[in-house]
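Q: I am attaching a structure below and will ask some questions about it afterwards.
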Amino acid sequence: MKQNDDVSRDRLEQMAGRIGRFTARHLVDADGLVYCGLNQRTLKPFRDREIRQEQCFADAHLKQHFSNAEVFNYEDSNMATAEYLLANLYQWQVTGAPAAKNAARRGFNALKAVAEAGSHNSRGVVMPMFGFLPKPHGGVAKARLCAEVSIDQYLRVMYALQEYAAGLARPAEKAWIDRFLAGCADCWDINHYTFNYFSNIVRWGACGHHAIAFGLYCSAVGETYRPTPHDGWFKIFRSRADALLECGEYGLSDNVASLTILAMKRLCQLKPEQRTTWLRYARRVFDDSAKAINAQGLAWLYPFIYKLKPDQRFAKPHWLPKPRNGETYYDFLRWRGNLFCPSSMQAGAALDLYELTGRKTYLTTARKLLLVLGGQDCLKYLIPLSPADLPKDYGFLGDKISGLNTAAWLRAYWQLRLAEGEPQRNGRRITQV
C-alpha cells in the first residue's frame, strides 16, 4: 500500500501533466509569450466585445495604439512567460525531456524579442535604450509601442534570465543576457527609477515591499557591471529596507512576497556579507503573506485595498462612490465584493526559502499549496464567493484564466521536484540555516 507521501506525489504528477498540457496548448502565443488572460468559455484570448470599456485604463496613448483586448490579454505576459521559462528549465533539469528544453529556449527567445523591441521605444524613457522592457501589449509585434513598465515584470524576467543563463543558455545567449542585465540597471538609473505605470508616473523603490526589494536587487546587479552610480542607488534603497519588516494585520499578496523573496535570494549571492539580513526580510514577508491565505490556498484579490482577513466577508457587495475628479486609474478598484485569488506564487516563494535555509517546513507548505490549487487544468484570475460578488456585466473577470497563476503553479511544481531529488542545482548547494 502506498504511503501518504507517495499518494501526494502521484496526485501532483497527474496535476502537473494536465496543467502542463493545457498551458502548452492554450496559453502560449505564436511568439512564445504566455497570455496574461484567456477566456475560459472559448479557450481563446479575449476579444474587445467581451470586455467592458471601464475595465481598461483611461490612457490616451494606450487607446491610440492598442485595443482593450490587446492590453487585457498581455498585461502580465512578461512575468507569466518568465515563470513558464523557469517551469520548463526546471522540468528539463529533472527529466532531461527535450520538449521542456525547447520550451525554455522558446520562452527565452520571446522575452529577448520584447527586450529588443523595447530598445527602440522613444516613449516612457528619456531616450531609446537597450534595457527598457515594456509590457508587450498586443504581443511582440507591438511591444515597441508600449510605454508601460512595472517592477514585477522586470524582476521576474531578470531573475528567470539569470537562471536560464546558469542552467541552459548557449554562449551567445549568455552574452546577450549579461548585456541585457547591465542595460536594465543602467535604464533604471538613467530614468531615476521613474516610469509610466497605469497612466501615472511612479517613482519606484519608495513604496511597497517589492518596490524596495527591486531597487536593492537592480542596483546590486548594476554594481557588478559598473559600480558608479549603482552603488549610490543601493545605499538609498538599503536605507529604506527595514520597511520590509513592517506589515499591516491583513497581510501581503503572494505576488509581493514572492517578488521580495526572489530579490533577497539574489542578494544572498550578490551581497553575501549581509545574508542574515536578507534572510530575515525574506522570512518576514513570507509569513506576512501566509497569514492572508486560507486553507484552500486562496487570498483576497486585493488584500492591501480590501483590508479584510481571510475569514472576514463583505456583508453586501457594493460599489464605492466615484471620486469627484473622475477615475484616473482603474475603475474596478471601487468594487467591494468577496473576490479571492489562488496563491500559487506563495508555493514558489516557499521553495525559494527552502533553497536558502534547507528547512523542510517550506517544502511541506509548497506541497500543500500545490495540492489544493491544482485540481483543474488551469488557475483562474479570481474566484468569487458567489455570483453576486461580481458586479453586473463583469462576469468576464470570473471567466479569466490567469496565465501568471497557472505558470507559477508549474514553476513551483518542477522546483519542488528539483528540491526533493537534488541536493544542489546549478552549483548552488541548499544551505541549512
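The values are calculated or read from the model by the stated rules, or taken from the named source; none is laboratory data. Predicted, not measured: the structure shown is a model, and the values here were computed from it. Ideal geometry is used to build each Cβ from the backbone, glycine not excepted, and the neighbour counts take in all protein chains shown.
Q: I'd like to know if segment 193-200 contains one or more residues that are without any contact (Cβ under 8 Å) to a residue 24 or more places away in the chain and in contact with a helix residue (DSSP H, G or I) (Cβ under 7 Å, 6 or more places away or on another chain).
A: Looking through segment 193-200, none of the residues is without any contact (Cβ under 8 Å) to a residue 24 or more places away in the chain and in contact with a helix residue (DSSP H, G or I) (Cβ under 7 Å, 6 or more places away or on another chain).
Q: Hey, can you tell me all the residues within segment 273-297 that are part of a loop (DSSP other than H, G, I, E, B) and among the basic types (K, R)?
A: Within segment 273-297, just K291 meets the criteria.
Q: When you check E116 against the structure, is it charged (D, E, K, R) and either at pLDDT 95 or above or in contact with a Phe, Trp or Tyr (Cβ under 7 Å, 6 or more places away or on another chain) (or both), yes or no?
A: yes
Q: In segment 1-120, which helices (runs of 4 or more DSSP H) lie fully inside it and hold 2 or more residues that are closer than 23 Å to L397 by Cα and in contact with a strand residue (DSSP E or B) (Cβ under 9 Å, 6 or more places away or on another chain)?
A: Of the helices (runs of 4 or more DSSP H) lying wholly inside segment 1-120, those with at least 2 residues that are closer than 23 Å to L397 by Cα and in contact with a strand residue (DSSP E or B) (Cβ under 9 Å, 6 or more places away or on another chain) span 68-74, 77-95.
Q: Separate question: Among the numbered conditions (1) under 22 Å from the mean Cα position of the chain (by Cα); (2) modelled with pLDDT under 95, tell me where L267 comes up short.
A: Going through the list (1) under 22 Å from the mean Cα position of the chain (by Cα); (2) modelled with pLDDT under 95, L267 breaks only (2).
Q: Take the residues of segment 31-60 that are at pLDDT below 90 and in contact with a Leu (Cβ under 8 Å, 6 or more places away or on another chain): which is surrounded by the fewest Cβ atoms within 10 Å (Cβ to Cβ)?
A: Result: Q55.
The rows are residues; the columns are (1) more than 21 Å from the chain's Cα centre (by Cα); (2) part of a loop (DSSP other than H, G, I, E, B); (3) touching a residue at least 60 places away in the same chain (Cβ under 8 Å).
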| position | (1), (2), (3) |
| --- | --- |
| G348 | no, no, yes |
| L363 | no, no, no |
| A366 | no, no, no |
| C378 | no, yes, yes |
| A388 | yes, no, yes |
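Q: Additional query: Would you point out the residue of segment 145-160, among those that are assigned to a helix (DSSP H, G or I) and touching an Asp or Glu at 6+ places or on another chain (Cβ under 9 Å), that is surrounded by the most Cβ atoms within 10 Å (Cβ to Cβ)?
A: Checked segment 145-160; the qualifying residue surrounded by the most Cβ atoms within 10 Å (Cβ to Cβ) is R156.
Q: For segment 350-361, enumerate the residues that are surrounded by fewer than 17 Cβ atoms within 10 Å (Cβ to Cβ) and assigned to a helix (DSSP H, G or I).
A: K360, T361
Q: Applying the selection to segment 392-418, what residues are β-branched (V, I, T) and part of a helix (DSSP H, G or I)?
A: T406
Q: Might you let me know whether segment 300-314 holds any residue that is of a type in the set (A, V, I, L, M) and buried (at least 24 other Cβ atoms within 10 Å of the Cβ)?
A: For segment 300-314, residues of a type in the set (A, V, I, L, M) and buried (at least 24 other Cβ atoms within 10 Å of the Cβ): absent.
Q: Can you spot a residue in segment 390-407 that is loosely packed, with under 13 Cβ neighbours inside 10 Å, of a type in the set (A, V, I, L, M) and either at pLDDT 95 or above or touching a Gly at 6+ places or on another chain (Cβ under 7 Å) (or both)?
A: Checked segment 390-407: no residue is loosely packed, with under 13 Cβ neighbours inside 10 Å, of a type in the set (A, V, I, L, M) and either at pLDDT 95 or above or touching a Gly at 6+ places or on another chain (Cβ under 7 Å) (or both).
Q: Still on this structure: Looking only at segment 298-316, which residues are within 17 Å of the chain's Cα centre (by Cα) and in a loop (DSSP other than H, G, I, E, B)?
A: Of everything in segment 298-316, those that are within 17 Å of the chain's Cα centre (by Cα) and in a loop (DSSP other than H, G, I, E, B) turn out to be L301, Y302.
Q: Would you confirm, using the coordinates I've provided, whether K101 is surrounded by fewer than 24 Cβ atoms within 10 Å (Cβ to Cβ), in contact with a helix residue (DSSP H, G or I) (Cβ under 6 Å, 6 or more places away or on another chain) and either touching a residue at least 40 places away in the same chain (Cβ under 8 Å) or of a type in the set (S, T, N, Q) (or both)?
A: Judged against the criteria, K101 is a match.
Q: Continuing with this model, one more query. Quick check on segment 271-286: of everything there that is charged (D, E, K, R) and under 18 Å from K360 (Cα atoms), which residue is surrounded by the fewest Cβ atoms within 10 Å (Cβ to Cβ)?
A: R280
Q: Tally time: how many residues in segment 238-270 are in contact (Cβ under 8 Å) with a residue 24 or more places away in the chain, surrounded by fewer than 17 Cβ atoms within 10 Å (Cβ to Cβ) and among the charged types (D, E, K, R)?
A: Residues that pass the stated criteria total 2.
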